[in-house]
Each structure stands twice: as structure tokens, then as C-alpha cells.
Amino acid sequence: MLTSNMAAEGGGKEMNEIKTQFTTREGVYKLLTHSEYSRPNRVPFNSQGSNPVKVSFVDVNDQSGNGDRICFNVGRELYFYIYKGVRKAADLSKPIDKRIYKGTQPTCHDFNHLTATAESVSLLVGFSAGQVQLIDPIKKETSKLFNEERLIDKSRVTCVKWVPGSESLFLVSHASGNMYLYNVEHTCGTTAPHYQLLKQGENYSVHTCKSKSTRNPLLKWTVGEGALNEFAFSPDGKFLACVSQDGFLRVFNFDAVELHGTMKSYFGGLLCVCWSPDGKYIVAGGEDDLVTVWSFLDCRVIARGHGHKSWVSVVAFDHYTTSVEECDPMEFSGSDEDFQDQIIHFGRDRANSTQSRLSKRNSTDSRPVSVTYRFGSVGQDTQLCLWDLTEDILFPHLPLSRTRTHTNVMNATSPPAGATIITNTSSNTTNGNNSGANTPGINSVSTALPRSNSLPHSAGTTTANSSNKPGSGGGGGGIGSGIMDSAIATGVSKFATLSLHDRKERHHEKDHKRNHSMGHISSKSSDKLNLLTKTKTDPAKTLGTLLCPRMEDVPLLEPLICKKIAHERLTVLIFLEDCLVTACQEGFICTWARPGKVGLLSSQNQASSPSGTVV
């Protein structure tokens, strides 16, 4: 077994070694070679010109206790297996369903977790030619094909997701920069849709479908310039984060169709996005080789992470390793082992428990609460990076308590340049008493941060370049506004089902593009931005603003670990309770057991392990 330490990779031969385990402070993560999923022949896929390999999971609540199912695409093929994870070795000889497509390739997919049962699952599959298929791989049925004649959009589907809390609504983004809301119960019509404007703002517009009878799409969003590469719903389903080839993160109040805030990449397009478990932070990655952490409440960049040597293709929060601890800040003493035992909750608490503990972070209790968010990223450099977002980054004005971190905090004793632009001068557009309603993960607690320069927040408070208007409503505005009334009047009454409570949201899948390495990050990098697109925003004017702070103006995170784990570019990173799952463009889906979760599988399957190539 190859071993590794917590430092970043060294030089020479070790740079090219593919790691099969890595160590963080919670223990050793180990690659389970017997739990590798791929095409049945286990032959590496020639990925030239193919769409990224993607993975989707669903729990069908099988009474046998093995309810996890996995779907993945490789080239023109789509597979659906029982996922045995850390429990048993993968049996690739018996896929539940396998499909091979002609003339088009699967690009992305998503299960409806609300309707999944052991007898039936609803799986949406997006394709390179623009269509979206609804299939049931358990019943081996194909129920519907949307955009079949490509009258709605002819470009590649970049991301498809069920709307959280809905059994029938789903959202699809395309390389055209458009995004469409569909209802599975409605048809797409035999002619190209006609639209009328519903809402317009800076670099985005939303149209309803104009027709005598209700048809798909219900809504058409046009967002930014160039491809809309990925989107992700907030944990409560009320907000939508979109990343585009023009380098912008745009966050919308989905129900109210309002722009909440924006952020600009340091260089090039943004390719991937994810939310923290409590909805307070968004992480985006892309062609600047960075991971960028954006505060939903403050609408500003609070940190960047530099560890990848090429484009970042996936970012994801680890809900099971994010830890919250009530503590007495100045009284800790003891060894690192004691510290580990006291503050770390790795894998012991379910994600919903983590979220409830996160809610205490902004409560009025006298006991301080220490929080550490764990997230990961994978890239075209074949490397996996893990990151910790800790108190000294989140709240730089508070005294450091027990926080241990792998960060290089630049100017940590003073606010980042540009942060003081957010002042109380805009507070006349908000209502401080309503700030709790606007955190997309937690609705019952106050979201006012314990910092002198933080603001009570509403959807009307955005970055300097946002197009929101005062009075546009907070996160709970929903479809009761005049905007939605007009939408309903134009035959989109089904859109009302968006205003749901206690929505459930699962992990998100990702997308990216060609091989490219930026090589070196400098303050001049942004001058080369968007050579292929005609964006209205001058990159030279955004650098150094709240939209895109300079590198020296925000803390620079260093990865906890940065390991080469594949031969080909990485396209998947999903955190599960017992393991994390990665996949590369060769078509190998790898399971990494969390610390202490490897023993059962290795002892059971040592004698009867399948043979084959292991990444």
C-alpha cells in the first residue's frame, strides 16, 4: 500500500504515483479495489471526445438493507447497478439495467429521491444533442422524451436536476446558456415554443411559454454569456446557484425569480458549484484552477483555495465531516489526540444532525460554538483535494479558540480589502428582523453574523453589480408576488408547486470541459478573460472589487491533502456516510472507505476478489 502524509505533494517520482490511501487528522481513507464500478469488461474507456463520466445515487429503501443504487454513464453507455459500497465487492456481471445510445451520448442524470421505491425509480438523463429522457431502470421502461425534436434547445445538456420537494418538476441547463423548467406531466408541443418576458435583470432574463394550453417548458431562463455549466439548489430548495462560462456565479431566489448576488471567477469560466449543509456558503471551481468560497449572507468572496494544477471539475461539501462543537474558547489544553477526540465528529452524526448543530452557530446562547466545514474538489489534473473552512477564515475578527487549520491567512487581522464596502448604508432596503428567513438552509434561527461589518440580509441586498431592487422580497417571498401572479395568468399555474416547505435536497453532480492548465496565477490573468465570449462586464473593472477581489485581499486556503488518484481527469466527487466516491474519464468509479469503515469488506472478500485494472 502506498502511504501519504498530510502535506501537499512533493516533487519527482512521487508526483506520478497514484495513491491508494491518504491520511487526514480523522484517520486513513483507503481505496477499496474490490468496490470499483465500471463497464463489465473493466477495460479503460478511450475518452477522447466523450462527455464526462457522471455518477448518481439513490436509496430505494430496500428492506434487505442494501437499498443503494448507482447510475453512471461511460461514452454512449448508461449503467444501473446495486451499489454495495464498503459492505461487499462489486458484481459487474449483473447490471440491473444497461442502455447503449446511438447518435447521442448521456451527459448527466438525476434520480427523484421523493418517489424512489424498491419497485420503481424515476431517472432523468440529459444528452449531448439536447434531449432529456425520463426512464425507470428498475422496470426497464422509458416513459417520456423531452425536447425530442430539439425545438426547445439544440445544444448539449450540461446539468439536469429534479426540483427539490417536487415529484414532477425538473430543471435543465444547456450549453446555450439557457435553463428550462419542465413538468413531466406536460408535453413539449409539436412546434417551437413562443415566449413572453416574465422578469429581466442584469445579464439574465426569464420568459414564460406563451401558448393556449399548458406545455413545456414552463419557464426559460437565459443566464449570462456562454454555456451554463452547472447549477445547484440550496439545501431548502429556495435558492439556485448557477455557474457559467462567462466566469460568473449567479445566485437566484428560485421562487421569486430574483437575483440574490453574484461573484466573478479570477480567470476563465466557472465549471462547478455546491452549497454548504446549512446554506450559508457556496463553493465554486473552474478554469482559474481555484476553489472560491462565497458567503451567501454577505454576498462576497471570503476565501480562495489553491491546490489544483488544472481546471477544477467538481466541488462538494462533506456533510458527514463538517463538525460543530460547543466549547469554552480559551481553556483548551492537551495533546493533539485529546483535541481530535473532543472536536471531531467524523462520520458519527448524520448530515441532518450536522445541520441542526450548524444552526447553533448563530444562536444567542452564551456558549461559543466552533464550526469546521469540510469540502473536497477534483480536477483535470487527476488530483483530489480536501479542504477545511475554519473559524479563522469565517470569522476573522473573533479570537481563535480551538481551531486548527491548514490555511495561509493573508491580512487575517484586518478585513479583506473591499469588505468594508458592505456597510449599513443599504440597510434601508432590508428588515433586520427578517434576516433569519433568508438563510437557505435554516429558517428558524437568526442569521446575523457575530461580526461588526455583517448586515441583516434580504434578497434585496446584493453585490454592487446586482440588479435587485429594494422591496423585491426576502427568501420566503415565494410565488405570492406580482411577478408570479402574472406567470400564473399566462398559463403557468403548475409553477405554484415550487412554493413548498421542508424540501429535501440531495447531492449534486457536476460538469466540465477541455484539458487546460493555467500554469501560474497572477494578477494579470484576468486580462485574458473571456476571449471567446462577449460579456458586458469588463474583467479589468471587476478585479479588485467585491465581485472579484485580488488574490492578496482574501485568505488563501491550502488543501489538507492533495493527491493524484487517477490516470485520467477526474469527473466525480460524492461524499457518502461510509465512504467517498470518485470517478475518472476512463470509466472507473472508485470507493474510498472512511477511517474505520474498511475492515468488513476486506475480511469478507479477500479470498474471492474480482480481477481487473484498478485505478
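Quick look at the numbers
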read-out	value
Among (1) of a type in the set (Phe, Trp, Tyr); (2) more than 16 Å from Val172 (Cα to Cα); (3) within 12 Å of the chain's Cα centre (by Cα) - the single one Tyr266 does not satisfy	(3)
Val125 vs. criteria open to solvent by less than 20 Å² (accessible area, probe 1.4 Å), outside any loop (DSSP other than H, G, I, E, B), hydrophobic (A, V, I, L, M, F, W, C) and under 14 Å from Ser56 (Cα atoms)	yes
Those residues of the range 68-82 which are more than 24 Å from the chain's Cα centre (by Cα) and either among the small types (Gly, Ala, Ser) or in a loop (DSSP other than H, G, I, E, B) (or both), in sequence order	Arg76
Unmet requirement for Asp255, which otherwise passes all of (1) in a strand (DSSP E or B); (2) crowded, with 24+ Cβ neighbours inside 10 Å	(1)
Count of the range 78-98 residues which are touching a Phe, Trp or Tyr at 6+ places or on another chain (Cβ under 8 Å) and either closer than 17 Å to Val160 by Cβ or open to solvent by less than 50 Å² (accessible area, probe 1.4 Å) (or both)	9
Hits in the range 99-112 - residues which are surrounded by fewer than 19 Cβ atoms within 10 Å (Cβ to Cβ) and not hydroxyl-bearing (Ser, Thr, Tyr)	Arg99, Ile100, Lys102, Gly103
Answer residue from the range 180-210, given it is buried (at least 18 other Cβ atoms within 10 Å of the Cβ) and among the hydrophobic types (A, V, I, L, M, F, W, C) and is nearest to the chain's Cα centre (by Cα) among those	Leu181
Tally of residues being surrounded by fewer than 19 Cβ atoms within 10 Å (Cβ to Cβ), of a type in the set (Gly, Ala, Ser) and farther than 25 Å from Val157 by Cα across the range 16-66	3
Check on Gly130, modelled with pLDDT of 95 or more and either surrounded by fewer than 20 Cβ atoms within 10 Å (Cβ to Cβ) or not aliphatic (A, V, I, L, M) (or both)	yes
Near pairs, Cβ below 8 angstrom, 6+ apart or cross-chain, from the range 180-197 (more than 12 Å from Pro217 (Cβ to Cβ) and of a type outside the set (A, V, I, L, M)) to any residue that is open to solvent by less than 60 Å² (accessible area, probe 1.4 Å) and not in a loop (DSSP other than H, G, I, E, B)	Gln196/His207; Gln196/Thr208
Boolean, Ser213 is over 24 Å from Pro52 (Cβ atoms), part of a strand (DSSP E or B), open to solvent by 20 Å² or more (accessible area, probe 1.4 Å) and modelled with pLDDT under 95	no
Verdict on Leu570 being buried (at least 23 other Cβ atoms within 10 Å of the Cβ), closer than 30 Å to Glu287 by Cβ and either charged (D, E, K, R) or modelled with pLDDT of 90 or more (or both)	yes
Tally of residues being under 19 Å from the mean Cα position of the chain (by Cα) and either free of Cβ contacts under 8 Å to residues at least 24 places away in the same chain or assigned to a loop (DSSP other than H, G, I, E, B) (or both) across the range 147-179	5
Leading residue by the ranking (nearest to Val55 (Cα to Cα)) among those in the range 92-119 that are of a type in the set (Asp, Glu) and assigned to a strand (DSSP E or B)	Asp110
Breaking point among (1) open to solvent by 10 Å² or more (accessible area, probe 1.4 Å); (2) over 15 Å from Glu287 (Cβ atoms), for Cys242	(1)
Criterion (in a loop (DSSP other than H, G, I, E, B), farther than 30 Å from Thr222 by Cα, in contact with a Cys (Cβ under 8 Å, 6 or more places away or on another chain) and not hydrophobic (A, V, I, L, M, F, W, C)) met by exactly one of Gly65, Gly85	Gly85
Tabulated pairs, the range 128-146, first in a strand (DSSP E or B), second open to solvent by 10 Å² or more (accessible area, probe 1.4 Å) and of a type in the set (D, E, K, R), C-beta under 6 angstrom, 6+ apart or interchain	Leu134/Lys144
Among (1) at pLDDT 95 or above; (2) within 20 Å of Gln133 (Cα to Cα), the one test that Gly189 misses	(1)
Some residue of the range 320-336 being modelled with pLDDT of 95 or more and farther than 19 Å from Arg374 by Cα	no
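One line per residue, one yes/no per condition, for (1) open to solvent by less than 10 Å² (accessible area, probe 1.4 Å); (2) in a strand (DSSP E or B); (3) more than 24 Å from Cys562 (Cα to Cα); (4) touching a residue at least 60 places away in the same chain (Cβ under 8 Å):
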residue: Leu249; (1), (2), (3), (4): yes, yes, yes, no
residue: Leu259; (1), (2), (3), (4): yes, yes, yes, yes
residue: Gly268; (1), (2), (3), (4): yes, no, no, yes
residue: Cys274; (1), (2), (3), (4): yes, yes, no, yes
residue: Val283; (1), (2), (3), (4): yes, yes, no, yes
residue: Trp294; (1), (2), (3), (4): yes, yes, no, no
residue: Ala303; (1), (2), (3), (4): yes, yes, no, yes
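The values are calculated or read from the model by the stated rules, or taken from the named source; none is laboratory data. The model shown is predicted, which means the values in this text are computed figures rather than measured ones. Here the Cβ is made from the backbone with ideal geometry for all residues, glycine too, and neighbour counts use every protein chain on show. Ligands, DNA and RNA are excluded from the accessible area calculation, which covers all protein heavy atoms including side chains. Shrake-Rupley method; radii C 1.70, N 1.55, O 1.52, S 1.80 Å.
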